[in-house]
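Asks: The structure under discussion is supplied below as structure tokens; questions concerning it will follow.
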Amino acid sequence: MSSSEDEAREAESLARAAGLTKAWAKHRAAVLEAIAAARKFRDGFVRPADPAAEPMPSYRVPGTQEGAR
């Protein structure tokens, strides 16, 4: 099996896993473009060493503090 066949099968599996079976059948080029974009963005983020780490700080409504009533 060639690598292009492997890539096509992987892309189809990703589309099905994402619930895009109809889109895969009718708009394959758009789905492939979306997969390529997602891969590009995925590679742009550095995975933190701590799996519990959040990518950004939690937000708090301005003017509210615990214990201040």
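What follows is calculated from the coordinates using simple rules that are stated; it is not laboratory data. Just so you know, these numbers come straight off a predicted model, no measurement behind them. Positions of Cβ are backbone-derived with ideal geometry, glycine not excepted, and every protein chain shown enters the neighbour counts.
Asks: Would you mind ranking Glu33, Glu54 by Cβ crowding within 10 Å, fewest neighbours first?
Replies: On the way: Glu33 11, Glu54 8.
Placing the least packed residue first, the sequence is Glu54, Glu33.
Asks: So for the pair Glu5, His27, with labels modelled 7 Å out along Cα→Cβ, what separation do we get in nm?
Replies: For Glu5 paired with His27, the spin-label model returns 3.0 nm.
Asks: So, in nm, how far is label Ala17 from label Ala36 when the simple model puts each one 7 Å beyond its Cα toward the Cβ?
Replies: Label-label distance for Ala17 and Ala36, simple model: 2.1 nm.
Asks: Under a Cβ-Cβ cut-off of 15 Å, what is the net charge of the residues other than Ser4 that fall near it, where Lys and Arg count +1 and Asp and Glu count -1?
Replies: Charge balance in the 15 Å sphere: -3.
Asks: First obtain the Kirkwood hydrodynamic radius of segment 3-43 from its Cα pairs, then insert it into the Stokes-Einstein equation at 37 °C and 0.692 mPa s, and state the resulting D in µm² per second as a whole number.
Replies: Numbers: Rh = 10.3 Å.
Using the Kirkwood radius from Cα pairs, D works out to 319 µm²/s.
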